[in-house]
1. Scale the Cα Rg of region 138-190 by the rule-of-thumb value 2.2 N^0.38 Å and send over the ratio, two decimals.
2. If you look at just the Cα atoms of region 11-137, how large are its Rg and its Dmax in Å?
3. Where nothing but the Cβ of Lys and Arg (+1) and of Asp and Glu (-1) is charged, how large is the charge dipole of the chain around its Cα centre, in debye to the nearest 20?
4. If r is the Cβ-Cβ distance from Leu57 to Trp19 and R0 is 25 Å, what FRET efficiency results, to the nearest 0.05?
5. With r as the distance between the Cβ atoms of Leu12 and Gln294 and R0 = 56 Å, compute the FRET efficiency 1/(1 + (r/R0)^6) and round to 0.05.
6. Take the eigenvalues of the Cα gyration tensor for region 170-315, scale each by 5, and report the square roots as semi-axes in whole Å, largest first.
7. With the cut-off at 18 Å, report for region 134-239 the share of all Cα pairs above it, as a whole percent.
8. Between Val184 and Phe45, take the C-beta separation as r, use R0 = 25 Å, and let me know the FRET efficiency to the nearest 0.05.
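Any read-out appearing in this document is the output of simple, stated calculations on the displayed coordinates, not a laboratory observation. Here the structure is a predicted model, which is why all the values come from computation and not from measurement. Reconstructed Cβ throughout: ideal geometry from the backbone, glycine too, with neighbour counts over all protein chains shown.
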Amino acid sequence: MSDRLTDNRFILIQTLRRWFDAHAELDSLGASSEKKIDWLRAVPFIALHISVLFVFLVGWSPVAVIVAVAMYALRMFAITAFYHRYFSHKAFRTSRVVQFIFAALGASAVQRGPLWWAAHHRLHHVHSDKPGDEHSPKQSGFLWSHMGWFLSRHNFKTRLDKIKDFARYPELRLLDRYDVLMPVLLAVAMFGLGELLNAYWSTLGTNGWQMLVWGFIVSTVVLYHITFTINSLAHGSGHRRFKTEDDSRNNFLLAILTFGEGWHNNHHFYPGSARQGFAWWEIDITYYGLRMMQLLGLIRDLRPVPDSVMEKRSKCVLNKSIKVPT
Ligand SMILES: [Zn+2]
Ligand SMILES: [Zn+2]
């Protein structure tokens, strides 16, 4: 009995430590295959959701909503362009400074550090919708694929063995280890911005608390669930252009909301390209942003979609249109 109490106390202390130091005693996490939510670890995630209700206390103002939308857009771009296309798939090249800046912006989205995110995503591509895919709706159901998997102890550990190419940069390891740092900095910056506007431009009708709620809390929670739809909805809802071995789909609405990630069937067919919309009408805002960054000299060597893939694309479209009259 006392042994169990000591064990429980140890787990409690470990979990609390990992709120602040994500790499603390990683080896003691083991490799439990249990698909269970670690509720203590999930407390900040749940608290952030409940905090959305503070909008009823702080009210709203046009400037607070504009900042919330801007913070959504900036961090969605950091997640899709860098966490996903760069760190996970190496779809282009960049300098160490730009790499760090966008890793830090991505970390402010409260979706853990770049190494954790990209290592797990690489595993997703290896096992897509098969046993071993940690967030497959086909394997574990919609809710688990949407937000259960990353709240489990099993998936907490950063799989450094899957991301050795980027884990060699100490600044990225630091961001990954103290993954709470950037979110706290952003929250403080939002509060400061609101207070500044209140002091020097009071006609805008905002203040620190209101900007914290809209610019950080509301924007982060919306960004969460739109990002998560790629793991949940985009593996089941939409159109399949390519007959991939998984259940990935192309979904126009998700592509708009996620800046291009909704062309998920394209992406699973050819994950290495910087572009995920393969046709001109497949809007891919992240790709347009990357092209702009290339023009500005910030990134280089964007990997294209090979001609062979583009040819298969038109054949698939053709096959589909032939099937209709028969
Ligand atoms: Zn996928
Ligand atoms: Zn991917």
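1. Cα Rg divided by the expected 2.2 N^0.38 Å: 1.48.
2. Radius of gyration, then largest Cα-Cα span, for region 11-137: 17.5, 48 Å.
3. I would put it at about 800 debye.
4. 0.50
5. On the way: r = 49 Å, r/R0 = 0.87.
Result of the calculation: an efficiency of 0.70.
6. Details: eigenvalues 268, 66, 52 Å².
The three semi-axes for region 170-315 are 37, 18, 16 Å.
7. Summing the P(r) tail past 18 Å for region 134-239 gives 67 percent.
8. Details: r = 15 Å, r/R0 = 0.60.
My answer for the efficiency is 0.95.
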